[in-house]
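*Asks:* Before we start, here is the structure in question, set down as structure tokens.
The values are calculated or read from the model by the stated rules, or taken from the named source; none is laboratory data. Only a predicted model underlies this, so the values are computations on that prediction, with no experimental measurement involved.
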Amino acid sequence: MNDQKRRFRPRNQRSGFRPRNNNGQNSNGHFQSNGNIGRNNGSMTNPFNVEKTAQKYQQLAKDALTSGDPVLYENYLQHAEHYNRRLAELNYKPKQQNIEKSEPVNSTVVETVNTSEDKKAAV
């Protein structure tokens, strides 16, 4: 019996239990991903979350400085600066989109005003 390979049959799903979802796992048990492990869904696109995270790292930096750890202080400051840059980028995007949306409207109005003035001047 020990010389032969044992062959196991897979068990059927028990009734009353939900079957497991593989979520990107192969049948051989190895996990495959596209590199986005640990990233939440859209948390970096919400300015309120980004601001809160920046404040958290600023507070952690202050705590590290008071505990006398300058390396950890710099590390937390770098994290806070990253989130502050991300927040500035998020705040800049809507303003830029509003400017782009308003420019065609203004240029159209200017063109219509110019054409009506040109018609008056021609008459």
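*Asks:* Let me spell it out: the conditions are (1) over 17 Å from the mean Cα position of the chain (by Cα); (2) at positive phi; (3) at pLDDT below 95, and residue 35 meets all of them except one. Which number is the exception?
*Replies:* (1)
*Asks:* I'm told residue 44 meets every condition in (1) assigned to a helix (DSSP H, G or I); (2) modelled with pLDDT under 95 except one. Can you identify the failing condition by its number?
*Replies:* (1)
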